[in-house]
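Colleague: This is the structure I want to talk about, given as structure tokens.
The values are calculated or read from the model by the stated rules, or taken from the named source; none is laboratory data. Keep in mind that what you see is a predicted model, and the values were worked out from it rather than measured. Heads up, the Cβs are rebuilt from the backbone with ideal geometry, glycines too, and the neighbour counts pull from every protein chain shown. Ligands, DNA and RNA are stripped out before the accessible areas are found, and what is left, the full protein with its side chains, is counted by its heavy atoms. Shrake-Rupley method; radii C 1.70, N 1.55, O 1.52, S 1.80 Å.
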Amino acid sequence: MAIYRIKEAQRLMSTGGPNRLQDIARHVGYQDDIYFRRKFKQITGVPPAAFMKNSRQKIAAYHFPNIGQLLALEITPCAAPADHPWTDYYKRKYQLNTVLALSADEAERHQQLQLAKPDFIIGVDILVSAEEQNRLREIAPVFFVPWLEHDWREHLRLIAKFLDKSASAEAWLGSYERKAKFVSEEVKQTLKDDRLLILQISGNLYQVLGDRSLGADFLRRFTNQGCCWN
């Protein structure tokens, strides 16, 4: 119950709910402000005032892998690629009707971001030219994830460090490791020594998940083939 209440408090802070912490605490069922602050930090890793300040910043996800990274940091991007295959679950959970859908056309996408005036832009270094990186820096501070140099955990930590949300990253990673361990034990009991292949299916396409993240395998394969994504 406490986790649900704190998640609801985070949602209110991120979507422009009440401006006072005590009003948010009352809304989610806490009458004691001190206890609410202590519980919030215990569960999320950051004080509620710091979370509220950071969550109301406008942060754009320039490439589709950055969307999941920002969501893990409890940040709903103010702008994200329009062609991302959002499921109905994510549309409901994150109120994605408020997210600016970025065009696949680079010039139009640049103009959209100029008008949106984000506080920060997060991208992937191998998916954008040096020229475009410099143009984006004229709009807002930008961090380009060094994709091939690190695994997905370090990607998240680097973004979190740039956005001053390292505590949130470590809290999410800790939660992920606990869930992964539990699922691993459950799967092991069912499969025993059998081998498992995991597919992600979207429309007429499917992707095979590897020992890195799906995004890491997918991007590495296209880079090795000499493809360039804009």
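Colleague: Can S202 be described as open to solvent by less than 80 Å² (accessible area, probe 1.4 Å) and either of a type in the set (F, W, Y) or at pLDDT 80 or above (or both)?
Modeller: On the way: open to solvent by less than 80 Å² (accessible area, probe 1.4 Å): yes; either of a type in the set (F, W, Y) or at pLDDT 80 or above (or both): no.
The answer is no for S202.
Colleague: Would you confirm, using the coordinates I've provided, whether A216 is assigned to a helix (DSSP H, G or I), open to solvent by less than 80 Å² (accessible area, probe 1.4 Å), touching a Gly at 6+ places or on another chain (Cβ under 8 Å) and modelled with pLDDT under 50? Walk me through how you get there before you give the answer.
Modeller: Working: assigned to a helix (DSSP H, G or I): yes; open to solvent by less than 80 Å² (accessible area, probe 1.4 Å): yes; touching a Gly at 6+ places or on another chain (Cβ under 8 Å): yes; modelled with pLDDT under 50: yes.
Here the answer is yes, as A216 does meet what is asked.
Colleague: Filter segment 5-43 for residues that are among the β-branched types (V, I, T), in contact with a Lys or Arg (Cβ under 9 Å, 6 or more places away or on another chain) and open to solvent by less than 40 Å² (accessible area, probe 1.4 Å) and give the result.
Modeller: Here is the first cut: in segment 5-43, the residues among the β-branched types (V, I, T) are 6, 15, 24, 28, 34, 43.
Then drop every residue that is not in contact with a Lys or Arg (Cβ under 9 Å, 6 or more places away or on another chain), which leaves 6, 28, 43.
Of everything in segment 5-43, those that are among the β-branched types (V, I, T), in contact with a Lys or Arg (Cβ under 9 Å, 6 or more places away or on another chain) and open to solvent by less than 40 Å² (accessible area, probe 1.4 Å) turn out to be I6, V28.
Colleague: So, one more: Looking for something modelled with pLDDT of 90 or more, open to solvent by less than 70 Å² (accessible area, probe 1.4 Å) and not in a helix (DSSP H, G or I) - is there at least one such residue anywhere in segment 157-165?
Modeller: yes
Residues checked against (1) of a type in the set (A, V, I, L, M); (2) touching a Ser or Thr at 6+ places or on another chain (Cβ under 9 Å):
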position	(1), (2)
M13	yes, yes
I34	yes, no
G45	no, yes
K53	no, no
F64	no, no
L71	yes, no
